[in-house]
Each structure stands twice: as C-alpha cells, then as structure tokens.
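The next block holds one structure in the form of structure tokens; read it before the comments.
The values are calculated or read from the model by the stated rules, or taken from the named source; none is laboratory data. The shown structure was predicted, so the numbers you read here are calculated from the model rather than taken from an experiment. Using ideal geometry, Cβ is built from the backbone for each residue, glycine included, and neighbour counts are taken over all protein chains shown. Heavy atoms of the whole protein, side chains included, go into the accessibility calculation; ligands, DNA and RNA do not. Shrake-Rupley method; radii C 1.70, N 1.55, O 1.52, S 1.80 Å.
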Amino acid sequence: EVQFVESGGGMVQPGGSLTLSCAASGFTFSNYDMSWVRQAPGKGPEWVSAINSGGGFTYYIDSVKGRFTISRDNVKNMLYLQMNSLKPEDTALYSCARGYLDGTTWSDEGYWGQGTQVTVSS
C-alpha cells in the first residue's frame, strides 16, 4: 500500500528553520511527482511546494518562495522540505502528497501522509 511517514516537525521561533522528511513506500517513488501540502487550523489545504519525479523541476507558492526548498532522493525514497525564515503563518500540519506537477498546477491523487506538525511561535 502507498504509505508516507513524515517527520521533522516541531516548535520554533519566528525566523527559525526546520527540515521536514517524508519516507515513501508501497509504490515506485521515482515515477511520481510529489508535493508538500499544509493544513492550518480552520483553513483548507494549501499545496506549498511540488517537485517533479526526477527532481529537476520545482514549484513554490509565492508565500514560501525563497524561504522553502523542496528536494527528493529517489534512491532512498525520501522527500524533503527545508524551511527557513519561518513565520507564524507557516504554522500547520505538513503532509507529503503524490500527484502530478504540470507547470504551476498541481493535480493531487489523494495519497497523503499523516503529517508532521510545524508550529512557529514566539
């Protein structure tokens, strides 16, 4: 079965950094585009970043561009999100998701991990 296990979340002060990891299993990881989706309390999901299957193309929403870096290791079946200069509005449950990146459009397949909580607060 398709499975994602996210880790690396925690509580940090504004301006701090975190690196999230997503361990994927149950499918051929290298054949799929991947993304990080976040859910803040009371808000709907927001796909903050995506990366194509080979890792050569990435996309970021404007609010995280320049602060977040998405990457992947297709040998280890791992997806990463390096988050710098964190802001309180970045507080959310972050999950990795499988889908398709077409330019700036993300098509989600409905396979999400359980998520890891990121809390940015002073």
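Annotations
- Pair list, Cβ < 6 Å and 6+ apart or interchain, from the range 1-20 residues that are closer than 17 Å to Gly99 by Cβ and assigned to a loop (DSSP other than H, G, I, E, B) to residues that are modelled with pLDDT of 95 or more and open to solvent by 70 Å² or more (accessible area, probe 1.4 Å): none
- Per the conditions (1) over 12 Å from Cys96 (Cα atoms); (2) among the polar types (S, T, N, Q); (3) open to solvent by 60 Å² or more (accessible area, probe 1.4 Å), the sole criterion not satisfied by Ser30 is (3).
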